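The block underneath contains the structure these notes are about, expressed in structure tokens.
The values are calculated or read from the model by the stated rules, or taken from the named source; none is laboratory data. Owing to the predicted nature of the structure, the values given are computational and were not obtained by experimental measurement. Cβ: placed from backbone, ideal geometry, glycine included. Neighbour counts: every protein chain shown. Surface areas here come from the heavy atoms of the whole protein model, side chains and all, with no ligands, DNA or RNA. Shrake-Rupley method; radii C 1.70, N 1.55, O 1.52, S 1.80 Å.
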Amino acid sequence: MLKWLKRIKELYNLESLVTRLLVKDPEFLQRTASYRELIADFRRKLSEQSVRESHLLERHLSRGRLPVRERIDRLLDVGTPFLEWSVFAAYGKYHGQFPNAGIVTGVGYIHGREVVVIANDSLVKGGTYVAETIKKHLRAQEIAMQNNLPCIYLVDSGGIFLREQSKVFADRDDFGRIFFNMARMSAQGIPQIAIVMGSCTAGGAYIPAMSDETVIIREQGTIFLGGPPLVQAATGEKISAEELGGGEVHTSVSGVADHLARDEEHALQLGRSIVATLPKPEKQVLNTEVPADPLYPIEELYGILGQSPREAVDAYEVIARLVDRSEWHEFKKKYAQTLLTGFAHIMGYPVGIIANNGILYSESALKATHFIELCNFRKIPLLFLQNVSGFMVGKKYEHGGIARDGAKMVHAVANAVVPRFTLVYGGSYGAGNYAMSGRAFDPNFMFMYPNARVAVMGGEQAATVLAVVKQEQLQKEGKELTNQEMNNLKEPVLKKYELESSAYFASSELWDDGIIDPADTRKVLAMAIETSLNKTIPEPRAGIYRM
Ligand code: COA
């Protein structure tokens, strides 16, 4: 190692993690090969989500329209990345008729600043909304609010998917919430911009109408509360869509839209020029460093990550492949060793990492609480690396007050003022999911690896709990379960848990912001961290800790 580098490391107490893995070991190679199969399957599933029925695509193109991802490409700065969220929303549902839940969301760059893009895909059932479409749309708006980002809506939607109205219309977090959020964001100074690329019918008409500034394409975009068939049925009036609510009408008569575009390209350029007029927020400043690669190739994660929740994964080996120069300033290294805490950099950004390396105990919770307070006061974003089977159970631990200490950690996570990022690299079970900044705790972003599993507990444990409960019920009636009956009870539970704890199931339900290839982790996290800096970190504030 260079002398000066060694000196700096000594001065700042920085340690380079040294791998204990033998990457030429046949077992490691075998694990790598089998994880590569998982990645190939992930890539295949991912590309399937972009396939649209050819006759619909041809019809769309023949109408002079672009597919949704091409629209986004042309909207964003050339050669810049687009971090797409929740590609697997609604995966495996509706007989596969709602790929991506019919909407593309993500963060990208316009004139060098981050913006949230929410774009309907009219090739998926006319861009209509089922429950997951709404959840995905609302989640994108939430990210915009949480990170102070302008929203650009590329609207092309038939509104609510009418067959599902009872699941999407009237509840708090249903379709109407989209417009509520738009009004709230506008009032908070978070710009709302709509580009009407196709139809905006019924409630959908409120997206352009609620926006701060709206573009509409001549003889292509339409906005109306009731379309021509409804108007005819209701009043007998016969009228074309263009005459009722086309671009000319809305930019020169009704005032519902502000800019008339000639075509898609022109509309997207107008959208870009609107963004150019927006004031740029002062970004939060962090103590960044020059980015540097880890000492070990990130692809080695393939041989490290387990494919079954039973396999132990050494969190040090994971961290060594995620952080710059594999440098790691560990906090409380010798205390509560099943939870690692320490400072590092990822692509130059400082992060405080909290990583599971076993089950959670009282001491682990106390260590995490202390560390979160350090990050709050030092304004260092937190990265939670989840691989947790939960908190320790049993008399000794309950009497020792594990619930009290766990509550401190949960408090600290919930009230952390710094941006939080959660990555599930293994299992995410029980209260461990909550304490490690799971979805219910509003991390700025949450991603999973394809091998990740999320559930209240493992299938085997759940099946056993249910069988024991049944056994106790029967014992009260003087009956006993045979082994065969016990197995018959357990089997369907095991199957259900197997299916429902997969990363794809979780992503389909939008419990995360997407599944990522471990090899992309550093890029994804760097973009997520940069995005979060649009909001200034407030002063630390804690609730009342139970002592
Ligand atoms: N609810 C349920 N299904 C709908 C729908 C809706 N609101 N709007 C469209 N669809 C379905 C169509 O039945 C069709 O399904 P199919 O592929 O199984 O046949 C598919 O979406 C595509 O619709 P299509 O009309 O062929 O596409 P298009 O691009 O020519 O037109 C719309 C798209 C959205 C302009 C047009 O379908 C429309 O006006 N829909 C009704 C909109 C409406 O009144 N919404 C009020 C709900 S709040």
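Does region 221-234 contain at least one residue that is within 25 Å of the chain's Cα centre (by Cα), open to solvent by 80 Å² or more (accessible area, probe 1.4 Å) and either in contact (Cβ under 8 Å) with a residue 12 or more places away in the chain or away from the ligand (no atom under 13 Å from the Cβ) (or both)? First the steps, then the outcome.
Here is the first cut: in region 221-234, the ones within 25 Å of the chain's Cα centre (by Cα) are none.
Checked against the condition, which is being within 25 Å of the chain's Cα centre (by Cα), open to solvent by 80 Å² or more (accessible area, probe 1.4 Å) and either in contact (Cβ under 8 Å) with a residue 12 or more places away in the chain or away from the ligand (no atom under 13 Å from the Cβ) (or both), region 221-234 yields no hits at all.
Inspect region 205-213 for any residue being within 21 Å of Y109 (Cα to Cα), open to solvent by less than 20 Å² (accessible area, probe 1.4 Å) and modelled with pLDDT of 95 or more and give the result as yes or no.
yes
Taking region 532-547 as the search range and keeping residues that are assigned to a loop (DSSP other than H, G, I, E, B) and among the hydroxyl-bearing types (S, T, Y), which one is nearest to E114 (Cα to Cα)?
Looking at the filtered set, the residue picked out is T536.
Looking at the structure I just gave you, is E282 assigned to a loop (DSSP other than H, G, I, E, B), more than 16 Å from the ligand (Cβ to nearest atom) and open to solvent by 30 Å² or more (accessible area, probe 1.4 Å)?
Spelling it out, E282 is indeed assigned to a loop (DSSP other than H, G, I, E, B), more than 16 Å from the ligand (Cβ to nearest atom) and open to solvent by 30 Å² or more (accessible area, probe 1.4 Å).
Please give the number of the condition P381 fails out of (1) of a type outside the set (A, V, I, L, M, F, W, C); (2) over 21 Å from K535 (Cβ atoms); (3) in contact with a Phe, Trp or Tyr (Cβ under 8 Å, 6 or more places away or on another chain).
For P381, the exception is condition (2).
What's the number of the only condition in (1) within 16 Å of the ligand (Cβ to nearest atom); (2) modelled with pLDDT of 95 or more; (3) surrounded by 14 or more Cβ atoms within 10 Å (Cβ to Cβ) that R52 fails to meet?
(2)
Quick check: is even one residue across region 446-453 modelled with pLDDT under 95 and hydroxyl-bearing (S, T, Y)?
Within region 446-453, none of the residues are modelled with pLDDT under 95 and hydroxyl-bearing (S, T, Y).
Check every one of the strands (runs of 3 or more DSSP E) wholly within region 71-174 and list those with 3 or more residues that are at pLDDT 95 or above, of a type outside the set (F, W, Y) and within 16 Å of the ligand (Cβ to nearest atom).
Hits in region 71-174: 151-157.
Which of the residues that make up region 18-43 are basic (K, R) and surrounded by fewer than 10 Cβ atoms within 10 Å (Cβ to Cβ)?
Of everything in region 18-43, those that are basic (K, R) and surrounded by fewer than 10 Cβ atoms within 10 Å (Cβ to Cβ) turn out to be R20, K24.
If G198 satisfies all but one of (1) near the ligand (Cβ under 9 Å from one of its atoms); (2) part of a loop (DSSP other than H, G, I, E, B), what's the number of the condition it fails?
Going through (1) near the ligand (Cβ under 9 Å from one of its atoms); (2) part of a loop (DSSP other than H, G, I, E, B) one by one, G198 breaks only (2).
Buried (at least 18 other Cβ atoms within 10 Å of the Cβ) and within 30 Å of the chain's Cα centre (by Cα): is that true of A440 in this structure?
So A440 fails the test.
Filter region 322-349 for residues that are in a strand (DSSP E or B), out of contact with any Gly (no Cβ under 7 Å at 6 or more places or on another chain), open to solvent by less than 10 Å² (accessible area, probe 1.4 Å) and farther than 20 Å from M392 by Cα and give the result.
G342, A344, I346
Of everything in region 176-195, what is open to solvent by less than 10 Å² (accessible area, probe 1.4 Å) and within 16 Å of the ligand (Cβ to nearest atom)? Give them in sequence order.
Filtering region 176-195 for residues open to solvent by less than 10 Å² (accessible area, probe 1.4 Å) gives 178, 182, 185, 190, 192-195.
Passing the criteria: only I178.
Scan region 206-220 for residues that are touching a residue at least 40 places away in the same chain (Cβ under 8 Å) and assigned to a helix (DSSP H, G or I) and jot them down. Let's see the steps before the verdict.
Of region 206-220, the ones touching a residue at least 40 places away in the same chain (Cβ under 8 Å) are 207-209, 211, 213-218, 220.
Passing the criteria: I207, P208, A209.
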